[in-house]
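This report concerns only the one structure given below.
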């Protein structure tokens with residue numbers, strides 16, 4: 001039952017991602033054509049493209065007849081890499097934003113990079129080590145089988161929860177320190193977006209922590225990729241909104257010294 005649900009949810013996620021892309025297509029093309037090339041613009045493009053590859057790959061594994069364990073393992077490894085990179089991209093948006101809020105303070109930057117490295121190592125170690133690969137029936141149509149795998153994601157999501165809690169604390173601390181001095185609209189939107197993103201990330205990470213302990217793997221794998229997809233949509237929407245605000249105002253508060261080029 002969990003495997004059938006896994007297949008259905010991936011199909012709905014692919015539909016929702018495509019629908020979101022179509023709805024924001026005009027705004028995105030405006031942003032891509034009018035904004036100057038920066039590292040964040042490159043990050044935006046990668047973040048937009050990778051989920052398409054991830055979702056197409058999982059749909060392929062779920063619906064294309066495949067009973068070869070070696071092929072399953074190869075496909076699972078490849079699309080797990082896409083998933084890890086895809087999930088990390090949305091986090092990068094807000095790591096850069098947090099660093100910008102702290103005016104690229106060296107201590108804050110080193111702390112964030114160290115924590116990020118620990119999480120990456122933990123996720124790689126648990127996602128790709130000792131993966132159990134098997135085929136399973138995905139539909140009532142004879143011969144349609146997909147691939148499944150299992151990995152313990154409890155520790156990586158605990159670390160991710162702590163990491164996002166730390167980023168939210170840094171944002172709150174900076175907001176409290178500079179709130180009276182910073183009246184720029186972009187600064188206010190930046191702080192609010194950061195806090196909303198971190199709250200959503202904390203909630204979904206907590207769901208994944210509980211799911212990884214108490215649910216069968218295919219159920220908490222659903223929540224894992226749902227978190228990645230949802231947070232990517234949120235990150236892309238927020239960046240578009242921030243860019244639009246920047247275009248409308250153009251006059252930044254001189255006391256804040258934050259620009260989109262910093263992020």
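The values are calculated or read from the model by the stated rules, or taken from the named source; none is laboratory data. This structure is a prediction, so every number in the text was calculated from the model and none was measured. No Cβ is skipped: glycine too gets one built from the backbone with ideal geometry, and neighbour counts run over all protein chains shown.
Table for the structure above
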item	result
Among residues of the stretch 52-77, those that are within 23 Å of the chain's Cα centre (by Cα) and surrounded by 14 or more Cβ atoms within 10 Å (Cβ to Cβ), counted	13
The stretch 210-228 residues that are on the phi > 0 side of the Ramachandran plot and crowded, with 21+ Cβ neighbours inside 10 Å, paired with ones that are modelled with pLDDT under 80 and assigned to a helix (DSSP H, G or I) (beta carbon under 6 Å, 6 or more apart)	none
Residue 172 being modelled with pLDDT of 80 or more, over 30 Å from residue 6 (Cα atoms), assigned to a helix (DSSP H, G or I) and within 16 Å of the chain's Cα centre (by Cα)	no
Residues satisfying the stated conditions in the stretch 9-42, i.e. under 12 Å from residue 55 (Cα atoms) and either over 18 Å from the mean Cα position of the chain (by Cα) or outside any helix (DSSP H, G or I) (or both)	11
